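First comes the structure, then the notes that go with it.
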Amino acid sequence: METFFSKQPNFTGMILLVHSTQDIAGINIAKQILQRHTFTKTDQTFQDNPVYTAGINQQTVTFVTLTEEAVNAQNLPENFPNHNLIIFISRHSSQSGKPTLSVHTPGNFADAELGGLPKTLSVSPANAMHTALKALSRQKQEKQLNYEVSYECTHHGPSLNVPTMFVELGSSPTQWNDLDAADAVAQATLETIANFHNSTSPAVLGIGGTHYNQKFTKMALNDEAAFGHMIPKYAISTVDAPILKQCIQKTVEKIEYAILDWKGIKSQDKPNLLAALQETRLTIKKV
């Protein structure tokens with residue numbers, strides 16, 4: 001099997017923090033981060049924007065601004081090599097416009113409809129996402145925000161061979177301009193950076209259910225598991241053994257088992273899914 005990412009991560013923290021000028025939520029979150037923590041402006045620029053740096057709990061953080069949409073930042077690691085975590089702070093969009101604080105890994109199970117590469121996933125930092133999810137939940141409670149905190153399933157670009165995650169504020173312009181919510185995402189992001197590598201929950205692959213899987217979210221908030229890649233009901237028909245193997249290999253931590261939201265999987269998709277899982281030899285648990 002091809003090795004995509006070492007299961008022995010480098011503990012010398014080099015973290016790339018990214019937002020886009022095309023994204024008002026990302027801009028507002030970035031402003032809150034710069035108010036919360038001292039960053040130093042460097043002599044370097046990227047896409048004609050200044051590059052900032054800071055030290056956070058023994059992690060070296062490089063803060064960059066894109067002029068392109070974050071989903072199209074496919075070549076970003078070539079410009080910033082040797083970073084072992086990339087965090088995009090960005091807006092989340094949905095037709096419902098539901099107020100949401102969310103976290104997910106980018107990547108495409110099938111076609112690349114919104115950035116990235118076809119059938120190519122980014123490396124998922126399960127424990128870092130777990131830290132972010134719990135921090136978002138705590139910020140929601142402390143600030144008394146009327147927002148839903150949730151994992152999102154793996155979706156959209158870029159498809160990077162580096163541990164990559166999005167921490168998002170959604171889902172409409174009203175929320176993107178909510179500075180209290182932007183500050184919640186900012187604080188959760190800084191907490192994630194400060195605690196990189198510290199989570200100890202077992203890392204798992206999640207399959208089934210909606211795009212915002214509340215079963216998986218609740219399990220993570222209760223410290224039962226740290227989810228890496230998550231495959232929603234609507235994508236299962238496109239998933240085969242090679243994609244499942246990517247989900248396993250492209251996770252920073254060792255995947256202990258797969259959790260299946262059994263009722264959240266179409267009956268016609270179950271036989272092929274179970275056959276593909278059998279090829280991976282991954283233990284499965286149904287919830």
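Restricting the stretch 238-257 to residues that are under 19 Å from the mean Cα position of the chain (by Cα) and assigned to a loop (DSSP other than H, G, I, E, B) leaves a set whose member that is nearest to Ala112 (Cα to Cα) is Lys250.
Do we find that Leu114 is in contact (Cβ under 8 Å) with a residue 24 or more places away in the chain and either in contact with a strand residue (DSSP E or B) (Cβ under 6 Å, 6 or more places away or on another chain) or of a type in the set (Gly, Ala, Ser) (or both) in this structure? Criteria not met by Leu114.
If the condition is being part of a strand (DSSP E or B), free of Cβ contacts under 8 Å to residues at least 40 places away in the same chain and either under 22 Å from Ala184 (Cα atoms) or hydrophobic (A, V, I, L, M, F, W, C) (or both), then the stretch 35-58 contributes Phe46, Val51, Tyr52, Thr53, Ala54, Gly55. With respect to being farther than 17 Å from Gly107 by Cβ and either under 18 Å from the mean Cα position of the chain (by Cα) or in contact (Cβ under 8 Å) with a residue 40 or more places away in the chain (or both), Val287 fits the description. Taken together, the residues in the stretch 110-134 that are over 20 Å from Glu253 (Cα atoms) and surrounded by 18 or more Cβ atoms within 10 Å (Cβ to Cβ) amount to 4. Residue selection: Lys7 fails the criterion of being surrounded by fewer than 19 Cβ atoms within 10 Å (Cβ to Cβ) and at pLDDT 95 or above. Say we look at the stretch 186-208 and pick out the residues that are in contact with a Phe, Trp or Tyr (Cβ under 7 Å, 6 or more places away or on another chain) and surrounded by 23 or more Cβ atoms within 10 Å (Cβ to Cβ); which of these is farthest from Ser267 (Cα to Cα)? Top of the filtered list is Val204.
Scoring Asn198 on the criteria (1) in contact (Cβ under 8 Å) with a residue 40 or more places away in the chain; (2) part of a helix (DSSP H, G or I) leaves a single failure, condition (2). When Asp223 is tested against (1) assigned to a helix (DSSP H, G or I); (2) under 22 Å from the mean Cα position of the chain (by Cα); (3) exposed (fewer than 14 other Cβ atoms within 10 Å of the Cβ), only condition (1) is not met.
Condition test on Ser96, is it under 15 Å from the mean Cα position of the chain (by Cα) and either of a type outside the set (Lys, Arg) or outside any loop (DSSP other than H, G, I, E, B) (or both)?
Working: under 15 Å from the mean Cα position of the chain (by Cα): no; either of a type outside the set (Lys, Arg) or outside any loop (DSSP other than H, G, I, E, B) (or both): yes.
No: the conditions fail for Ser96.
The values are calculated or read from the model by the stated rules, or taken from the named source; none is laboratory data. Model, not experiment: these values are computed from the prediction. Positions of Cβ are backbone-derived with ideal geometry, glycine not excepted, and every protein chain shown enters the neighbour counts.
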